[in-house]
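One structure below.
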Amino acid sequence: MPQLSSQHLLGIKDLSHSDIDLIMLTTAEFMQVLQRPIKKVPSLRDKTIANLFFENSTRTRLSFELAEKRLSADVLNFSASGSSLSKGETLLDTVNNILAMKVDMIVLRHSSPGAGIFLAKHLTRFKHSAHARIVNAGDGTHEHPTQALLDAFSLQQALGNLVGKRIALVGDILHSRVALSNILLLKKMGATVQVCAPPSLLPRHIQNLGVEVSHSLDSTMEQADALNMLRIQEERLKVQHFPGNYEYHRVFGLNLDRWEKAKNKPLILHPGPVNRGVEIDGKLADGPDSIILDQVQHGVAVRMAVLYLLGQTANKEH
Ligand code: NCD
């Protein structure tokens with residue numbers, strides 16, 4: 001049976017082309033399961049998964065939890081507030097204690113870039129923890145691999161093969177983990193990737209990732225097959241990067257005026273949460289060209305695929 005080449009899903013960086021194909025194929029199979037009256041399979045009934053969310057989340061947390069339940073895993077949920085972290089315990093100690101309770105997989109959301117990479121490296125030293133599989137559910141401004149996988153799956157469903165397709169990521173590229181994971185994945189899948197943002201919201205040397213750079217949403221829209229509208233990551237802004245939300249919406253937002261004037265109408269994606277009236281007008285988010293809620297639906301199947309595939313490589317002996 002085909003398996004993933006890596007033990008954890010820490011970032012898109014670690015996925016080979018055949019890993020990506022395998023995840024996309026497995027997602028399509030789980031999409032079929034999710035159409036059935038009984039949306040459940042026994043694949044992970046011998047596994048226990050802990051969802052450790054040290055940062056706020058609605059969609060991603062619920063989507064992982066639902067995916068785990070659809071796979072018949074036992075599920076533990078942990079959020080930072082009300083935990084021993086406030087008593088001074090380290091992340092490594094917290095996770096080691098959870099794994100000592102015979103937990104098999106950790107789904108981790110954390111504000112520090114590289115938190116999952118750090119755990120994957122250090123857990124191997126501990127006999128109760130060496131077996132664990134780690135899934136990165138967003139590590140600060142670094143990566144959010146399952147979001148990129150569900151975005152790519154949604155794009156494939158709508159546009160077919162992504163080779164040669166032109167996908168634009170619009171908005172706060174500087175602070176967005178969704179942007180980095182999307183760039184890495186879409187490039188591996190053969191798409192042309194453009195980033196469109198004010199210069200203050202673009203990392204320096206972004207061209208080195210092999211993307212095209214634009215500062216005009218109108219010209220980006222002329223050629224794009226799809227726009228992925230990213231939220232301004234207000235919680236990560238340390239300085240003011242633009243004059244205000246009204247100004248941002250006028251210049252870089254997908255507003256009705258811009259949409260009506262555009263000759264080419266690309267597909268609209270958004271990872272959520274949507275800030276209506278900032279990066280996108282609410283009417284366009286709800287309109288016929290938007291696949292925002294399809295993305296949410298595909299997210300459960302993508303996470304089922306990732307957990308199922310990592311579960312196949314997990315040590316049954318521990
Ligand atoms: C994204 C995230 O948390 O990075 N949201 C999500 O996972 N659905 C994007 C965002 O918060 O803007």
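For the reader, a short list of remarks on this structure follows.
- Any chance residue 305 is in a helix (DSSP H, G or I), within 16 Å of the ligand (Cβ to nearest atom) and small (Gly, Ala, Ser): no
- The lone criterion from (1) free of Cβ contacts under 8 Å to residues at least 40 places away in the same chain; (2) open to solvent by less than 50 Å² (accessible area, probe 1.4 Å); (3) outside any loop (DSSP other than H, G, I, E, B) left unmet by residue 150 is number (1).
- Residues satisfying the stated conditions in the stretch 268-296, i.e. open to solvent by 50 Å² or more (accessible area, probe 1.4 Å) and either in contact (Cβ under 8 Å) with a residue 12 or more places away in the chain or in contact with a strand residue (DSSP E or B) (Cβ under 6 Å, 6 or more places away or on another chain) (or both): 273, 275, 283, 289, 294, 296
- For first residues located in the stretch 33-62 and farther than 16 Å from residue 309 by Cβ, partners that are open to solvent by 90 Å² or more (accessible area, probe 1.4 Å) and assigned to a loop (DSSP other than H, G, I, E, B) and lie 6+ apart or on another chain with Cβ distances below 7 Å form the pairs 48/102.
- Of all residues in the stretch 237-267 being farther than 19 Å from residue 221 by Cα and in contact (Cβ under 8 Å) with a residue 40 or more places away in the chain, the one that is surrounded by the fewest Cβ atoms within 10 Å (Cβ to Cβ): 237
- Pairs, first within 8 Å of residue 201 (Cα to Cα) in the stretch 170-185, second within 12 Å of the ligand (Cβ to nearest atom) and open to solvent by 10 Å² or more (accessible area, probe 1.4 Å), C-beta under 8 Å, six or more apart: 171/231; 172/231; 172/233; 174/141; 175/141; 175/233; 175/236
- For the residues 182, 136, 161, the requirement of being part of a loop (DSSP other than H, G, I, E, B), at pLDDT 95 or above and more than 22 Å from residue 238 (Cβ to Cβ) singles out 161.
- Scanning the stretch 220-239 for residues that are part of a loop (DSSP other than H, G, I, E, B) and within 12 Å of the ligand (Cβ to nearest atom) yields 230, 231, 232, 233.
- Meets criteria (within 28 Å of residue 141 (Cβ to Cβ) and over 22 Å from the mean Cα position of the chain (by Cα)) for residue 85: yes
- Checklist (1) in the same structural domain as residue 181 (by TED's automatic domain parsing); (2) in contact with a Ser or Thr (Cβ under 6 Å, 6 or more places away or on another chain); (3) open to solvent by 10 Å² or more (accessible area, probe 1.4 Å) applied to residue 161, failing item: (2)
- Here 125, 133 are screened, and the one residue that is within 30 Å of residue 93 (Cα to Cα), away from the ligand (no atom under 12 Å from the Cβ) and open to solvent by 20 Å² or more (accessible area, probe 1.4 Å) is 125.
- Taking the stretch 216-236 as the range and being more than 26 Å from residue 161 (Cβ to Cβ), at pLDDT 95 or above and exposed (fewer than 14 other Cβ atoms within 10 Å of the Cβ) as the test, the residues that pass are 216, 218.
- Residue count for the stretch 189-208, restricted to those that are more than 13 Å from residue 172 (Cβ to Cβ) and crowded, with 18+ Cβ neighbours inside 10 Å: 5
- Consider the stretch 164-178 and keep the residues that are in a strand (DSSP E or B) and away from the ligand (no atom under 13 Å from the Cβ). The one that is most open to solvent (accessible area, probe 1.4 Å) is 166.
- Residue in the stretch 53-73 that is within 15 Å of the ligand (Cβ to nearest atom), of a type in the set (Val, Ile, Thr) and crowded, with 17+ Cβ neighbours inside 10 Å present: yes
The values are calculated or read from the model by the stated rules, or taken from the named source; none is laboratory data. Here the structure is a predicted model, which means the values were calculated and not measured. All Cβ positions, glycine included, derive from the backbone under ideal geometry; neighbour counts span all protein chains shown. Keep in mind that these areas ignore ligands, DNA and RNA; they rest on the heavy atoms of the full protein, side chains included. Shrake-Rupley method; radii C 1.70, N 1.55, O 1.52, S 1.80 Å.
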